[in-house]
1. So for region 101-108 (the condition being part of a strand (DSSP E or B), in contact with a strand residue (DSSP E or B) (Cβ under 9 Å, 6 or more places away or on another chain), open to solvent by less than 10 Å² (accessible area, probe 1.4 Å) and closer than 23 Å to L130 by Cα), does at least one residue qualify?
2. N33: more than 10 Å from ligand 1 (Cβ to nearest atom), within 23 Å of S177 (Cβ to Cβ), at pLDDT below 95 and open to solvent by 10 Å² or more (accessible area, probe 1.4 Å), yes or no?
3. Return a yes/no flag: does region 83-97 have any residue that is without any contact (Cβ under 8 Å) to a residue 40 or more places away in the chain, surrounded by 14 or more Cβ atoms within 10 Å (Cβ to Cβ) and among the aromatic types (F, W, Y).
4. Take region 13-28 and flag every residue that is modelled with pLDDT of 95 or more and hydrophobic (A, V, I, L, M, F, W, C).
5. Got at least one residue in region 135-150 being away from ligand 1 (no atom under 16 Å from the Cβ), free of Cβ contacts under 8 Å to residues at least 40 places away in the same chain, among the hydrophobic types (A, V, I, L, M, F, W, C) and in a helix (DSSP H, G or I)?
6. Could you please find all residues in region 48-69 being more than 7 Å from ligand 1 (Cβ to nearest atom), open to solvent by 40 Å² or more (accessible area, probe 1.4 Å) and touching a helix residue (DSSP H, G or I) at 6+ places or on another chain (Cβ under 9 Å)?
7. Could you tell me whether any residue of region 12-22 is open to solvent by less than 10 Å² (accessible area, probe 1.4 Å), under 30 Å from R117 (Cα atoms) and free of Cβ contacts under 8 Å to residues at least 60 places away in the same chain?
8. Determine which member of the set V26, V42 is within 15 Å of ligand 1 (Cβ to nearest atom), among the hydrophobic types (A, V, I, L, M, F, W, C) and under 22 Å from P136 (Cβ atoms).
Amino acid sequence: MDVRQAEFIKSAVKPKDYPETPLPEVAFVGRSNVGKSSLINVLVNRKNLVRTSSTPGRTQLINFFDVNGSLVLVDLPGYGYAKAPPELRKQWQPMIETYLATRENLRAVVLILDIRRIPADGDVQMLRWLDTYGIPPIIVVTKCDKLSKNEQARQTGLIAAAIGRSRKELVPFSALSKAGREGVWQAIMESAGL
Ligand code: GTP
Ligand code: MG
């Protein structure tokens, strides 16, 4: 993917504030701190278009980004962040679910998993939920740089088994080395019909 231009469109909480656009949209979900925002930055070749942080709970709104005027990428807050203030957590779930359930131009959801962890309940629930709504998941396994090749292969097998998918369905990625960037783009473009 040749990214010529990438820009922040706006942040939103409620559907009335989502940008009005006919462009295909792809959203990014996953546990808090898994690397959603870092993945988007690598995809668009920008260090800091999307804010990242080593503290979980960095992304608190739905953030929309335009790529080449032909595609919208959407960064969502993470789930499963136990330390988030309860009031904030209460707002996040309906915010994410409303977006996923109502956004008409949503073509696919990139579900990001940490290569070092067996998927948590939140991940499994999210997959089931995407299935219910007929939203195709693109499953990316990130932070591959943290493990050796052998450990990566082993973990990929365990993760695939835990979510009942074939290991071929998992797209390996590292925001640090940028390995897997093309593979993620390919899956996104195919889903977006571009
Ligand atoms: P929230 O918005 O809080 O839900 O987090 P997020 O999922 O957007 O994660 P973010 O991209 O902010 O990254 C969280 C931390 O993980 C940061 O310290 C990143 O530098 C680090 N990180 C993300 N991706 C990778 C990766 O592929 N490899 C390594 N080594 N670190 C990564
Ligand atoms: Mg984030």
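The values are calculated or read from the model by the stated rules, or taken from the named source; none is laboratory data. Everything numeric here is computed off the predicted structure, so don't read it as measured data. Note: ideal-geometry Cβ built from the backbone for every residue, glycine included; neighbour counts use all protein chains shown. Quick note on the areas: whole protein, heavy atoms, side chains included, nothing else; ligands and nucleic acids left out. Shrake-Rupley method; radii C 1.70, N 1.55, O 1.52, S 1.80 Å.
1. Taking every residue of region 101-108 in turn, at least one turns out to be part of a strand (DSSP E or B), in contact with a strand residue (DSSP E or B) (Cβ under 9 Å, 6 or more places away or on another chain), open to solvent by less than 10 Å² (accessible area, probe 1.4 Å) and closer than 23 Å to L130 by Cα.
2. No.
3. Taking every residue of region 83-97 in turn, at least one turns out to be without any contact (Cβ under 8 Å) to a residue 40 or more places away in the chain, surrounded by 14 or more Cβ atoms within 10 Å (Cβ to Cβ) and among the aromatic types (F, W, Y).
4. Within region 13-28, L23, V26, A27, F28 meet the criteria.
5. Checked region 135-150: no residue is away from ligand 1 (no atom under 16 Å from the Cβ), free of Cβ contacts under 8 Å to residues at least 40 places away in the same chain, among the hydrophobic types (A, V, I, L, M, F, W, C) and in a helix (DSSP H, G or I).
6. Across region 48-69, the qualifying residues are N48, R51, Q60, L61.
7. No, that holds for no residue.
8. Answer to the selection: V42.
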